[in-house]
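Asks: Input: one structure, supplied below.
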Amino acid sequence: MFERIMFPTDGSEYAARSEDIVMEMAKKFGSTVVAVNIIDDKLIYPFEVLEDEGKSILSHVSERGQNEDVKVEEVLIVGSPTHDMEKIVKKQKQI
C-alpha cells in the first residue's frame, strides 16, 4: 500500500513517539522508511556540530530499522525545515 513513508525527525521526544508508529506501519505494509533531518540554515551553531547531530539522529532510526527488519533510507539536508520539501524529494530521487 505504502511504498515509502517519509519520517521527518529532529530527535525530540515527539519524534520518538512518531517513530514508533512509523516503524509499525512500515512493518505492516512492507514499506521503506525515509528518515529526514534538516539542518536549519538559520541556526548559529557550527555546521559540523549540527551535521554530527543530524547524522546521529538518522543513525538511530537506521539502527532501529535494522533491529525491526525495516529498510531505512537517510536524508540529511541543509535548509529550512518548513520550506524545503522540494529539496527532500529531489534528494530522495538520487537514492
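The values are calculated or read from the model by the stated rules, or taken from the named source; none is laboratory data. What you see is a predicted model, and the numbers here were worked out from it, not measured in a lab. Note that we place each Cβ from the backbone using ideal geometry, even for glycine, and neighbour counts take in every protein chain shown.
Asks: Can you tell which of D69, D52 is at pLDDT 80 or above, at positive phi and either touching a strand residue (DSSP E or B) at 6+ places or on another chain (Cβ under 9 Å) or of a type outside the set (S, T, N, Q) (or both)?
Replies: From the options D69, D52, the qualifying one is D69.
Asks: Another one. Let me confirm something: among E19, E13, E53, E68, which residue is loosely packed, with under 13 Cβ neighbours inside 10 Å and not aliphatic (A, V, I, L, M)?
Replies: Selected residue: E13, the only one of E19, E13, E53, E68 that is loosely packed, with under 13 Cβ neighbours inside 10 Å and not aliphatic (A, V, I, L, M).
Asks: Now a separate question. On the given criteria, is A26 of a type outside the set (D, E) and out of contact with any Phe, Trp or Tyr (no Cβ under 7 Å at 6 or more places or on another chain)?
Replies: yes
Asks: Kindly indicate whether any position in region 24-43 is more than 10 Å from the chain's Cα centre (by Cα), aliphatic (A, V, I, L, M) and modelled with pLDDT of 95 or more.
Replies: Yes, the conditions are met somewhere in region 24-43.
Asks: Mind checking which strands (runs of 3 or more DSSP E) fall wholly inside the chain and carry at least 3 residues that are out of contact with any Pro (no Cβ under 8 Å at 6 or more places or on another chain) and of a type in the set (V, I, T)?
Replies: Of the strands (runs of 3 or more DSSP E) lying wholly inside the chain, those with at least 3 residues that are out of contact with any Pro (no Cβ under 8 Å at 6 or more places or on another chain) and of a type in the set (V, I, T) span 32-40, 72-79.
Asks: Please name all residue pairs, on different chains or six or more residues apart, with Cβ atoms under 7 Å, provided the first residue is in region 69-89 and is over 10 Å from I38 (Cβ atoms) and the second residue is of a type in the set (A, V, I, L, M) and surrounded by fewer than 16 Cβ atoms within 10 Å (Cβ to Cβ).
Replies: Close Cβ pairs satisfying both conditions: E73/I95.
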